[in-house]
Number of protein chains: 2
Amino acid sequence: MTTFAIGVDLGGTNLRIAAVDSNGKTLEKITTSTEVTRGRNYVIDEMCAAIQQLITRFRDAGELSGIGIGVPGIIEMQTGMLHESPNLPGWHNYPVRDEIERRLGTTVVLENDANAAALGEKWLGAGASVDDMCMLTLGTGVGGGVVLNGKVWHGMTGMAGELGHICVDPQGPPCNCGSRGCLEQIASATAVKRMAVEAVATGKAPELARAMTEDPEFSSKVVHQMAIQGDEPAREIFRRVGSALGIAIAGLVNIFNLPMYVIGGGVSSSWDAFAPSMMETLRRNSFVYRATAPIESVRGVQGGSVPDDILPSRRTTIITRALLGSDAGLIGAARLPMLARPVRKTETSSKIA
Amino acid sequence: MTTFAIGVDLGGTNLRIAAVDSNGKTLEKITTSTEVTRGRNYVIDEMCAAIQQLITRFRDAGELSGIGIGVPGIIEMQTGMLHESPNLPGWHNYPVRDEIERRLGTTVVLENDANAAALGEKWLGAGASVDDMCMLTLGTGVGGGVVLNGKVWHGMTGMAGELGHICVDPQGPPCNCGSRGCLEQIASATAVKRMAVEAVATGKAPELARAMTEDPEFSSKVVHQMAIQGDEPAREIFRRVGSALGIAIAGLVNIFNLPMYVIGGGVSSSWDAFAPSMMETLRRNSFVYRATAPIESVRGVQGGSVPDDILPSRRTTIITRALLGSDAGLIGAARLPMLARPVRKTETSSKIA
């Protein structure tokens, strides 16, 4: 019989909860806002009420395989403590798993939101055909997730996959993490906006300056629109985004040699603006990529001939956009309990027979 | 009963072959030079003769579990082809595994030499207490190996673990791989010597200039001696080595969150000269490291108090020197066939009863 799971994407702005069956079909999705200002107990209460509501509704549709929750920030896997979460102020060192389990009276699987997104893309998105992949989520920050042998690689304390803090320029802008020139400081939506402000400050970006003055909602999306329209300073910003991504992905390819690297999050919709410089940098910086690149991609650079260092086996490295959009984290969260234990046969199977 | 394996470290200069038993005891070790100029067939013939010699000698000591060979360069795991090997000129696209197996009449396990060194340190060296580790081998170049769940992580085509080509400075010196500012261009013995030449060229390194003129064997070891004696330009070179290592390891910690990172190879003997700047850079650049650093290490920076972002569980990230010296690759090569299949019980056990 079909089982189903509850997935939760607990964002700093939106709280989304879905019932997803083991075939990957979303049975129902609830979207509400995360009322962070009313405090963590309130948010957890609301979330647990919505989870209970979906469990009750689908009680007869199959066995509940479990509840998975994607949370922004760093989760200590052993204790279920939220260690650091810029988007959930006041949740520092909060025993979030214990609090949820106490209210629901059952166990839940917690996961970092970027890891959940990687798992979602692996299950039903761009990575469905591979066992191993990295995902970069270009949003307010840059999140990362590493999936090896079909599972999230957590590392020793659950902090693995912080791909947004790969250093792409030791002399680059300072990062909240204490380092400089982290990928996040160049390839996030926040960084695109900051680079636009910096470009305006030079006095050499009149169109960006006008847009910034006229549009109270000025954002990385506006910069992308201007790049599409051919504004050179805006184009240059996305070339920098691409170059930073190329350096980071070159490192990942040299380290992991995986078949697929997926780019998601809001800024990934500017793919056309950053992909050319990303691919150029990746090809130049990673000989592992060149040896495994799709031949048409290498031809583009080498001018027609397939270079000598292409491996005979022609297994290829794919760099691609995510497919699930903002649902990746929600889908991945629902996947968590399905992976955590084998699906059990159950005595309730007659209910849907 | 005890089984034994033959390990081979096929270097560009030395060819070393050992019989190692399943308890990690080296039964015998043969060291000879690799006569690269006599061609690959000659080298393979010599190697296979030595392997046969050891197999015959220990025939009665236990069952042979197999033959493992560490080779410098990139091996395509599926085909056993040597894809690229700067230290074995003329071996490009050479079917090295087939050639060896044809001569010996049995299967062998091939591995990149840096991966073999990582596996050796994991088995009998610095990493004996952990399941997951990265190793950096600072030699003529910088090799890398990633061990996850006790096994070398090969990636899709066996090219994973090229940690020497992590970019630590996008504006840095050009690398043979096509990129710039690879770790190898700053933290290898070759790079230390090059930086010494560059320092002399500025006219501000009189002691290095004198040593370079007087010592026909001028090498990274001489630069290290001068750093120990307090020569400031020599000290500055090792600070750059440390800083580059710190950036690369910070990236690895943020990506993998492993319990251990091991540094081996000739340049690792200059640990005291580069470790302070390495650890300072690592602490600054990786919040994952700070959250998992040994407390005494963090105290050193923070001036006595344990910072707020230390995880309660206190599982720690260890950065340490390799223990097996130049034997790491040989030991790791012998380990390969032991991991490739379970040790079988055998009818010959009465031989040593």
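The values are calculated or read from the model by the stated rules, or taken from the named source; none is laboratory data. Source: prediction; values computed, not measured. A quick note on method: Cβ atoms are made from the backbone with ideal geometry, for glycine too, and the neighbour counts reach across all protein chains shown.
Determine whether the range A:51-66 contains at least one residue that is assigned by TED's automatic domain parsing to the domain that holds A:L339, under 17 Å from A:G145 (Cβ atoms), in contact (Cβ under 8 Å) with a residue 40 or more places away in the chain and assigned to a strand (DSSP E or B).
To start, the set of residues in the range A:51-66 that are assigned by TED's automatic domain parsing to the domain that holds A:L339 comprises A:51-66.
Within this subset, residues satisfying the condition of being under 17 Å from A:G145 (Cβ atoms) are none.
No, every residue in the range A:51-66 fails to be assigned by TED's automatic domain parsing to the domain that holds A:L339, under 17 Å from A:G145 (Cβ atoms), in contact (Cβ under 8 Å) with a residue 40 or more places away in the chain and assigned to a strand (DSSP E or B).
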Could you tell me which residue of the range B:177-187 is surrounded by the most Cβ atoms within 10 Å (Cβ to Cβ), considering only residues that are more than 7 Å from chain A (Cβ to nearest Cβ) and over 19 Å from B:V71 (Cβ atoms)? B:C182
Qualifying position, being in the same structural domain as A:L104 (by TED's automatic domain parsing), modelled with pLDDT under 95, surrounded by 13 or more Cβ atoms within 10 Å (Cβ to Cβ) and acidic (D, E), among A:E35, A:E46: A:E46
I want to confirm something. Restricting to the range B:1-23 and keeping residues that are part of a loop (DSSP other than H, G, I, E, B) and more than 14 Å from B:A61 (Cα to Cα), which single residue is nearest to the chain's Cα centre (by Cα)? B:G11
Just name the residue that is nearest to the chain's Cα centre (by Cα) out of those in the range B:152-163 that are among the aliphatic types (A, V, I, L, M) and facing another protein chain (nearest Cβ under 7 Å). B:L163
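Scan the range B:48-107 for residues that are farther than 30 Å from B:N176 by Cα and out of contact with any strand residue (DSSP E or B) (no Cβ under 8 Å at 6 or more places or on another chain) and report the count. Give the derivation first.
To start, the set of residues in the range B:48-107 that are farther than 30 Å from B:N176 by Cα comprises B:48-67, B:101-107.
From what's left, out of contact with any strand residue (DSSP E or B) (no Cβ under 8 Å at 6 or more places or on another chain): B:48-49, B:52, B:56, B:59-60, B:101-103, B:105.
Result for the range B:48-107: 10.
Go through A:S268, A:S243 for me and flag whichever is within 14 Å of chain B (Cβ to nearest Cβ), surrounded by fewer than 24 Cβ atoms within 10 Å (Cβ to Cβ) and in a helix (DSSP H, G or I). Full working, then the answer.
Values: A:S268 fails: within 14 Å of chain B (Cβ to nearest Cβ).
Sole residue among the options that is within 14 Å of chain B (Cβ to nearest Cβ), surrounded by fewer than 24 Cβ atoms within 10 Å (Cβ to Cβ) and in a helix (DSSP H, G or I): A:S243.
Quick grid of which residues meet (1) within 22 Å of B:T26 (Cβ to Cβ); (2) within 11 Å of chain A (Cβ to nearest Cβ); (3) over 10 Å from the mean Cα position of the chain (by Cα); (4) crowded, with 24+ Cβ neighbours inside 10 Å:
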residue: B:N115; (1), (2), (3), (4): yes, no, no, yes
residue: B:E121; (1), (2), (3), (4): yes, no, no, yes
residue: B:A128; (1), (2), (3), (4): yes, no, yes, no
residue: B:T140; (1), (2), (3), (4): no, no, yes, no
residue: B:G150; (1), (2), (3), (4): yes, no, yes, no
residue: B:H165; (1), (2), (3), (4): no, yes, yes, yes
residue: B:Q171; (1), (2), (3), (4): no, yes, yes, no
residue: B:C175; (1), (2), (3), (4): no, yes, yes, no
Only one of (1) within 25 Å of the chain's Cα centre (by Cα); (2) in a helix (DSSP H, G or I) is not met by A:D45, so which one is it? (1)
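For the range B:85-107: of the residues being surrounded by fewer than 21 Cβ atoms within 10 Å (Cβ to Cβ) and within 21 Å of the chain's Cα centre (by Cα), which is modelled with the highest pLDDT?
Initially, the range B:85-107 is screened for residues surrounded by fewer than 21 Cβ atoms within 10 Å (Cβ to Cβ), giving B:86-87, B:89-90, B:92-95, B:98-99, B:101-107.
With within 21 Å of the chain's Cα centre (by Cα) added as a condition, the list becomes B:86-87, B:89.
Details: B:P86: 75, B:N87: 78, B:P89: 81.
Only one residue tops the list, namely B:P89.
Taking the range B:213-239 on its own, how many of its residues are assigned to a helix (DSSP H, G or I) and farther than 13 Å from B:A189 by Cβ? Give the derivation first.
Start the filter on the range B:213-239 by keeping residues that are assigned to a helix (DSSP H, G or I), which leaves B:213-214, B:220-228, B:232-239.
Narrowing further to those that are farther than 13 Å from B:A189 by Cβ: B:213-214, B:225-228, B:232-236, B:239.
Adding up the residues that qualify gives 12.
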Give me the residue from the range B:195-240 that is among the basic types (K, R) and under 30 Å from B:G145 (Cβ atoms) and, out of that set, nearest to the other protein chains (Cβ to nearest Cβ). B:R240
